[in-house]
Amino acid sequence: ITDISMNLCVLSDTIRRHFRNGARFAARISFVEERTPSGTFGGVCKQILGERARAVGEDDQSDRPPEFAGSTVIVPSGDIVTNFSAELLEEMYHIHRSVGAALTVVLVPVPWERRADYGTVVLDSPEQRSGMISKSARIREFREKDPDSPSNLNNASIYMIEKELLQELDPLRTEARLGLDRPFYDFGKHVFPAMLGNYPSVQLDRDYPLWGIQYDGKWFDVGQKRDYIRVNEYLLDGELDISLPYQKLVWGYLGNNVSIDFDRVTIRPPVVLGNDCVVERGAVLGPYAVIGDGWVVETGACVRHSVLWQRYPFFDDEGNEIPVQERRMVDRHEIRKGVTVEGSIVVGGAISRDVRHQTVDLEEDGRLTILPIDHVPQEARP
């Protein structure tokens, strides 16, 4: 795979600086800037069809890559972590082509009690297979976040799509916003129902088969905060194929320029301790503590089953980037004396009281916002 396109919005400059044109990865990388969000479907259309994709709302056609010259597109979402390998992509491609599918979806089983968190799929007489792809069949029904779905097979957000399907559906595309009479911008809400004949305002010219394959390996949606913590735990247990830029030791991973007296600190493996950290005597790290670069863990503090982020560039309300070095005064990155952090995600700040099963966000002026780990914003989203 050498032709790659990325759909960008938040931290777009950071991502561009890292990947550039893809030459050092032996690939050709292009970007689409989502100044006005166009939904999962809209982003893919702009990436694949280029300037031929429909201009919608305030859409800027000047920032489009050339039209994709191939016929089959692999579309993974950016907020998933999985061991779905290159070999499995080849197997998926073989299935996709052999059955004549227009769009093939990777499916993973989720706990039955979490069906309301995901889009689930009902397969039509699935073929049993050996290996990590255990089932293959045409999709008969798709339910978006239905707690009473008869299936626990979740849309894993890895698609294989024929370009001609995108060309057929692109003229129907709308803005990604609430209040539209005939919205059409999302794969789960609009594209899948249209392909299944369940979207009244859309009549396709011909049958476009929607196919599903069940994957029985590791898969996580890191948009779910508890799953984000679990991903880090699986990584430390060696169950995810992700390399870390730190020294591997018997208790975990150690960065450079770390100030720590191992005789006076308790480490309960596994632990990640990033670059430029200071750990004072009497501190307890782990199990499953992921401590990013630049943190100070003071005397008697304890961090376990949690992730502490390293500093990152910040963007103000006008979109201006505030570099990492300018963030140090408001983002102290300190776990104060005797404080316990457990089952939490901490973006930054000076943590002066216990944090258990919470998220700690850092505002531009250094104020902290602390919310339960399971908090979900109540405002409506398109």
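The values are calculated or read from the model by the stated rules, or taken from the named source; none is laboratory data. These numbers come from a predicted model, not from an experiment. Counting neighbours? That spans all protein chains shown, and the Cβs are built from the backbone with ideal geometry, glycine included. Heavy atoms of the whole protein, side chains included, go into the accessibility calculation; ligands, DNA and RNA do not. Shrake-Rupley method; radii C 1.70, N 1.55, O 1.52, S 1.80 Å.
Quick rundown of the values:
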quantity	calculated
Residue 91 part of a strand (DSSP E or B), surrounded by fewer than 19 Cβ atoms within 10 Å (Cβ to Cβ) and not hydroxyl-bearing (Ser, Thr, Tyr)	no
Residue in region 72-86 that is closer than 29 Å to residue 129 by Cβ, among the acidic types (Asp, Glu) and surrounded by 15 or more Cβ atoms within 10 Å (Cβ to Cβ) present	no
Neighbours by Cβ (under 7 Å, 6+ apart or cross-chain): first from region 346-364, open to solvent by less than 70 Å² (accessible area, probe 1.4 Å); second among the basic types (Lys, Arg) and in a loop (DSSP other than H, G, I, E, B)	348/311; 349/332; 350/332; 350/336; 351/336
Selection count, region 276-291, where residues are closer than 16 Å to residue 245 by Cα, part of a loop (DSSP other than H, G, I, E, B) and open to solvent by 10 Å² or more (accessible area, probe 1.4 Å)	1
Listing of strands (runs of 3 or more DSSP E) fully contained in region 114-206 that carry 2 or more residues being without any contact (Cβ under 8 Å) to a residue 40 or more places away in the chain and either surrounded by 16 or more Cβ atoms within 10 Å (Cβ to Cβ) or polar (S, T, N, Q) (or both)	119-128
Pairs where the first residue, in region 237-258, is more than 20 Å from residue 294 (Cβ to Cβ) and part of a loop (DSSP other than H, G, I, E, B) and the second is open to solvent by 50 Å² or more (accessible area, probe 1.4 Å) and modelled with pLDDT of 95 or more, C-beta under 8 Å, 6+ apart	250/269; 251/269
Out of 340, 299, sole residue that is open to solvent by less than 40 Å² (accessible area, probe 1.4 Å) and either small (Gly, Ala, Ser) or at pLDDT 95 or above (or both)	340
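Each row is one residue, and each column tells you yes or no for (1) of a type in the set (S, T, N, Q); (2) surrounded by 15 or more Cβ atoms within 10 Å (Cβ to Cβ).
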| residue | (1), (2) |
| --- | --- |
| 3 | no, yes |
| 7 | yes, yes |
| 22 | no, yes |
| 27 | no, no |
| 45 | no, yes |
